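The values are calculated or read from the model by the stated rules, or taken from the named source; none is laboratory data. Keep in mind that this is a model prediction, so the values were computed, not measured. Note that each Cβ is placed from the backbone with ideal geometry, even for glycine, and that neighbours are counted across all protein chains shown.
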Amino acid sequence: MHAALGIGDEEIYLSDTFPGMKIKPGNAIEINITLDSETELRLLFDKLATGGKVQMPIDKMFWGSLFGSLTDKFGIGWNLDYELKSE
């Protein structure tokens with residue numbers, strides 16, 4: 001992430017497109033959301049994926065989270081994350 005904005009108890013993360021990636025309407029931003037539960041993550045992911053395109057299905061990541069990435073039907077990129085609890 002290149003920047004983070006705090007709004008109350010929430011944060012909005014901002015980042016650029018990757019080097020060599022062409023900017024086109026819709027990919028100038030991606031929205032990153034950290035969810036409070038796996039259920040919440042999966043519900044939101046499925047809703048946003050309807051009519052859109054999944055880039056990375058929800059899976060366990062090396063940083064200890066469930067993570068999925070997609071573009072919604074309007075061309076907006078979303079990255080959804082749920083931090084797994086250590087047992």
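Observations on the structure shown:
- Which numbered condition THR39 fails, given (1) at pLDDT 95 or above; (2) in contact with a Gly (Cβ under 9 Å, 6 or more places away or on another chain); (3) of a type in the set (Val, Ile, Thr): (2)
- Yes/no for LYS85 being in a loop (DSSP other than H, G, I, E, B) and modelled with pLDDT under 80: no
- Among the conditions (1) under 22 Å from LYS85 (Cα atoms); (2) in contact with a strand residue (DSSP E or B) (Cβ under 7 Å, 6 or more places away or on another chain); (3) outside any strand (DSSP E or B); (4) in contact (Cβ under 8 Å) with a residue 24 or more places away in the chain, the only one that GLU40 does not satisfy is (2).
- Flag if LEU48 is at pLDDT 95 or above, more than 25 Å from LYS24 (Cβ to Cβ) and surrounded by 14 or more Cβ atoms within 10 Å (Cβ to Cβ): no
- Residue within the stretch 44-67 that is touching a residue at least 40 places away in the same chain (Cβ under 8 Å) and among the acidic types (Asp, Glu) present: no
- Residue within the stretch 51-58 that is surrounded by fewer than 17 Cβ atoms within 10 Å (Cβ to Cβ), touching an Asp or Glu at 6+ places or on another chain (Cβ under 9 Å) and farther than 11 Å from ASP81 by Cβ present: yes
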